[in-house]
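We did not get these values from a lab; they are worked out from the coordinates using the rules stated. Note that the coordinates shown come from a computational prediction; the quantities given were computed from them, not determined experimentally. Cβ coordinates were reconstructed from backbone atoms using ideal geometry, including for glycine residues, and neighbour counts include every protein chain displayed.
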Amino acid sequence: MNPRGGAAEGRGTAVVIGGGLAGCLAAWALHGVAERIVVVERDRYPDGVGFRAGVPQARHCHLLLEAGRRTLDELMPGIVGELVADGANRILLGGVSWLTAEGWLARHQSDLAVLICSRPLIDHAVLKRVRALPNVEFRTATEVTGLLGDGGTVTGVRLVGRGTGNQGTDGRGTDGEPETEIAAELVVDASGRRTRAPEWLAALGVPAVPEERVDAGISYATRFYRRPAGTPDDLAYYLQCKAPERGRLGLLMPIEGNRWMVGLGGMRGFEPSVKEEEFEEQLGGLRHPGVAEAIVGAEPIGPIRGFAPGPSVWRHYERSALRGFLAIGDSSCAFNPVYGQGMSVASFSARALRDAARKHEGIGEAVVRETRQAVSAAAKGSWELAAGEDVRFPATVGGPAGLPVRLQHRLMDRVLARAATDGKVADAFLRVASLVAPPTLMFRPSVLGRVLFGR
């Protein structure tokens, strides 16, 4: 046995912190390679498809972009078909009513689609598959309180049960559960935006990794509605902001159960309201009245709920020599949610972890190094696009500046203006936005010529 308890070098125990989408995908990626996988989740899961306290963003609009949908179906063959059978909607982007900052995207034939449903539906489908794996163990209602190891290597986690009674002010259970430890060859942090890993690593003496931070002050207000009889199944609106004076956006997304998820988002200074009259007034004040008009007479389901995700943060773990530790999903790179990139990039990261683990037939250091590089590469284009757009708003804190960003803005304005009348440019933009193609697609002569010269 190796010093950390694995039966063979690099093929022992993996601990995944967080049992949400990113964590479950990480566990799936490691099955068949790690001998034992322990998923530690603070919440208790609902019995079926349902919301839970640890995922407050689940009550707001989620979607899988085309590249994310393809990747999820590659990781878990047939799962997209299961989601569609359970009511998820695969909607072709060429027909979505999408109002960009420069006008409506031109309608066109496209093979690109988005998969739209509630976040709990996706989470439940993925969780169900992971729970069926024989070497995956879930520790629910359990909280990681720290990491084991030293300044160069993470060797496991400390954890405590949260109990069934009242919770203490420090988040621990008050039923007297003792703190325990799990030794591991690999610890994967998938605990999300509010990860405590930087704090835990600092306690071990690990130097802080460089990070980028952009805070546009985004917040949301969302309500569910019963979809009125006779309305199209695929009716969807995406009404974007227009910087700097129109910092509020609106969405109408069809989800399972013949429901609409209707959302308002606002950058700092344009925060949406959760008060009914103000919410409806703000919907009517968007750059187009389509969403407000669609819900006239529609039956509301439940209250309006607000959410503020906090700043976007990209932690550059690929620059760290730390052994035995990996961060994926929002723990590694948390985007501004208005761009819909998070779940798709999490699926890319899980695929990278799977590929590296299979290539090296283990969960050792080569896997960590290669996965960190791949996670960073997967985040790079999405981060640059999102951060570059966020800084258009004067109240945004942090983010890129200077000539490169100004040139990015000028090019994007030209692209979107042309995409309002040219279906081929609209398709190219959507391929980049869907993460199917890199931003460099816009510089190909076949696209750039149309953008600059109309041919």
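Using the crude model of +1 on Lys and Arg Cβ and -1 on Asp and Glu Cβ, and no other charge, please compute the dipole size for the chain relative to its Cα centre, in debye to 20.
Once rounded to the nearest 20, the dipole reads 980 debye.
If you average 1/r over every pair of different alpha-carbon atoms in the stretch 389-453 and take one over that average, what Kirkwood value in Å do you get? The partial results should precede the final answer.
Details: mean 1/r = 0.0793 Å⁻¹.
Mean inverse Cα-Cα distance, inverted, gives 12.6 Å.
Which whole-percent values make up P(r) of the stretch 307-455 when all C-alpha to C-alpha distances are grouped in 10 Å steps starting at zero?
10, 34, 31, 19, 6, 0
Determine Rg/Rh for the stretch 245-357; Rg is computed over alpha-carbon atoms and Rh is the Kirkwood hydrodynamic estimate from the same atoms. List each step's numbers first, then the result.
Working: Rg = 18.6 Å, Rh = 17.0 Å.
Answer for the stretch 245-357: 1.10.
Can you tell me, using C-alpha contacts under 8 Å and at least 6 residues apart, the relative contact order of the chain as a whole percent?
Relative contact order of the chain: 20 percent.
So what are the radius of gyration and Dmax for the Cα set of the stretch 1-139, in Å?
Cα radius of gyration and Dmax of the stretch 1-139 are 18.3, 63 Å respectively.
Give the Cα extents of the chain along the principal axes, in whole Å, largest first.
Extents along the principal axes, in whole Å: 65, 49, 41.
Which aspartates and glutamates does K242 reach when only Cα atoms under 14 Å apart count, and residues fewer than 8 places away in its own chain are ignored?
E102, E389, D390, D413
When a footprinting reagent is the concern and you count Cβ atoms within 10 Å, what order do M76, M343 take, fewest first? Intermediate results must be reported in sequence, preceding the final value.
Details: M76 19, M343 24.
In increasing order of surrounding Cβ atoms, one gets M76, M343.
Would you mind ranking Y317, Y238 by Cβ crowding within 10 Å, fewest neighbours first?
On the way: Y317 26, Y238 22.
Ranking Y317, Y238 by Cβ neighbours within 10 Å, fewest first, gives Y238, Y317.
Quick check on the exposure proxy: order T440, T371 from fewest to most C-beta atoms within 10 angstrom.
T440, T371
Tell me the net charge near R44. Cut-off is 13 Å between Cβ atoms, R44 excluded, with +1 for each Lys or Arg and -1 for each Asp or Glu.
Working: positive: R42, R52, R139, R162; negative: E41, D43, D47, E143.
That works out to 0.
For the stretch 219-308, what is the largest minus smallest coordinate of the Cα atoms on each principal axis, given in angstrom and ordered from greatest to least?
37, 22, 20
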